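Below you'll find the structure, written out as structure tokens, and then a few comments.
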């Protein structure tokens with residue numbers, strides 16, 4: 001979204017009746033057609049809803065609107081940052097397990113596939129301490145590939161997750177359902193999975209970018225992701241570029257797996273997709 005688009009969306013969410021009909025119609029179309037604009041509008045709506053429901057006071061008198069919005073935005077983003085990355089450790093069965101835990105202990109994911117006796121073996125099951133989320137990695141001896149599942153009762157907590165196994169040198173992106181099929185490098189044997197740990201990251205920003213388009217995406221906390229499509233290349237930059245900026249970016253073309261890029265590397269990036277195809281960019285910390 002260009003800065004003018006952001007201002008238009010903010011005004012549309014805050015006070016649509018104050019906008020001329022043409023601008024109001026343009027803002028409505030932008031939100032309906034653009035995933036990044038829709039996410040930004042949803043976020044702003046949540047901010048204003050909370051402002052209406054909470055009593056913000058400073059020294060016994062109401063804070064100014066700008067102070068109230070600034071304080072609430074900082075609170076919302078700090079809460080989001082706490083949930084954007086989770087550390088996982090090997091799973092330990094419990095008494096009276098939760099529904100997500102039961103899914104990890106049974107063959108729930110395999111019921112979606114053609115199963116056979118002894119076809120699947122579990123390489124790893126990991127859990128997060130902060131919330132009800134598990135990661136399960138299964139080996140399929142028929143296809144000679146592994147399948148990763150992020151398990152959560154909430155779809156948004158498993159979709160498009162970046163699952164990193166630092167000790168194995170693996171970074172995997174799940175699809176909309178929280179799944180990923182991948183080839184296991186020859187250097188990684190079954191014993192390497194025992195006791196391994198992982199980190200699950202969720203997108204902190206999401207934006208579609210079309211051919212020839214330039215975008216500006218606000219990031220939680222501070223900073224902006226700038227992007228541009230030039231023929232087959234995707235150019236990105238972070239402003240300001242400091243030590244706390246996000247580290248990863250995925251580019252997802254239609255009906256293709258996401259490609260992972262290191263934001264600390266120099267652009268341009270090559271998304272390996274037709275110059276005419278749109279891309280969905282997701283940023284991870």
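The values are calculated or read from the model by the stated rules, or taken from the named source; none is laboratory data. Note that this is a predicted model, so its numbers are computed, not measured. Heads up, the Cβs are rebuilt from the backbone with ideal geometry, glycines too, and the neighbour counts pull from every protein chain shown.
Couple of notes before you dig in:
- Verdict on residue 151 being in contact (Cβ under 8 Å) with a residue 40 or more places away in the chain, buried (at least 21 other Cβ atoms within 10 Å of the Cβ) and under 22 Å from residue 92 (Cα atoms): yes
- Checked against (1) outside the structural domain of residue 135 (by TED's automatic domain parsing); (2) outside any loop (DSSP other than H, G, I, E, B), residue 245 passes all but a single condition, namely (2).
- Of the helices (runs of 4 or more DSSP H) lying entirely inside segment 1-62, those containing at least 2 residues that are at pLDDT below 65 are 3-14, 35-53.
- Hey, residue 219 under 30 Å from residue 91 (Cα atoms) and either at pLDDT 85 or above or loosely packed, with under 14 Cβ neighbours inside 10 Å (or both) or not: no
- Residue 169 vs. criteria out of contact with any strand residue (DSSP E or B) (no Cβ under 7 Å at 6 or more places or on another chain), in contact (Cβ under 8 Å) with a residue 60 or more places away in the chain and either surrounded by fewer than 18 Cβ atoms within 10 Å (Cβ to Cβ) or closer than 22 Å to residue 274 by Cα (or both): no
- Enumerated strands (runs of 3 or more DSSP E) restricted to segment 150-214, each holding at least 2 residues that are within 15 Å of the chain's Cα centre (by Cα) and under 26 Å from residue 225 (Cα atoms): 162-165, 170-173, 198-201, 205-209
Let's see how each residue does on (1) surrounded by fewer than 12 Cβ atoms within 10 Å (Cβ to Cβ); (2) at pLDDT 80 or above:
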site: 240; (1), (2): yes, no
site: 260; (1), (2): no, yes
site: 264; (1), (2): yes, no
site: 267; (1), (2): no, no
site: 273; (1), (2): no, no
site: 278; (1), (2): no, yes
site: 285; (1), (2): no, yes
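- Selected residue [within 22 Å of residue 257 (Cα to Cα) and touching a helix residue (DSSP H, G or I) at 6+ places or on another chain (Cβ under 8 Å)] from 201, 147: 147
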